[in-house]
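A quick write-up on the structure given underneath.
The values are calculated or read from the model by the stated rules, or taken from the named source; none is laboratory data. Quick caveat: nothing in here was measured; it's all calculated off a predicted structure. With ideal geometry, Cβ positions are generated from the backbone for all residues, glycine too; neighbour counts draw on all protein chains shown. Quick note on the areas: whole protein, heavy atoms, side chains included, nothing else; ligands and nucleic acids left out. Shrake-Rupley method; radii C 1.70, N 1.55, O 1.52, S 1.80 Å.
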Amino acid sequence: MLHEAKIFCEPRVPAFTGNAIAFMPYSDEARDIQDWAYEQRHINVMVLAYCPETLAWLGEKKAEFDVIIVDVDHVGGVHAAIDLCLGIRKSRPNSRIILLSAETERDDFGSERLAICDGTLRKPVSHSRFVDALTTH
């Protein structure tokens, strides 16, 4: 006689382990995000200052970056962020791009912005919203 096995599953969370780069000021917020992302999801977030050579640097690196985070204010505003994101799309087409901005009204993961980024998070960014953006969108 076969016994039926009951399998109880928790809701599946998309797996995300890997490397992320954040072009943002190295601050308490950045350190907090780094620590929490690693402790909770084993996500390595490398915080780097933005400079004009950023795209060249990204192109030279052999490492894969699953997500690239761009702080709009840190890179010089919306126009500079758009230019950077378009360059990232060209040099790193498989990387997801998340913008951080204090100027947006709310978090946005609409498909109309996919040419530039995969989503925008309104600052200040909470831990849960940050990791949610990395793992589910």
(request) Identify, from the list Ala37, Ala80, the residue that is of a type in the set (Gly, Ala, Ser), surrounded by 12 or more Cβ atoms within 10 Å (Cβ to Cβ) and within 18 Å of Ala20 (Cα to Cα). (result) Ala37
(request) Within the stretch 88-110, identify whether any single residue is open to solvent by 10 Å² or more (accessible area, probe 1.4 Å), under 14 Å from Ala133 (Cα atoms), out of contact with any Leu (no Cβ under 8 Å at 6 or more places or on another chain) and at pLDDT below 90, and answer yes or no. (result) yes
(message) Can you pull out every residue in the stretch 111-128 that is open to solvent by 70 Å² or more (accessible area, probe 1.4 Å) and basic (Lys, Arg)?
(response) Arg122
(request) Within the stretch 1-40, count every residue that is modelled with pLDDT of 80 or more, among the charged types (D, E, K, R) and under 16 Å from Leu134 (Cα atoms). (result) 3
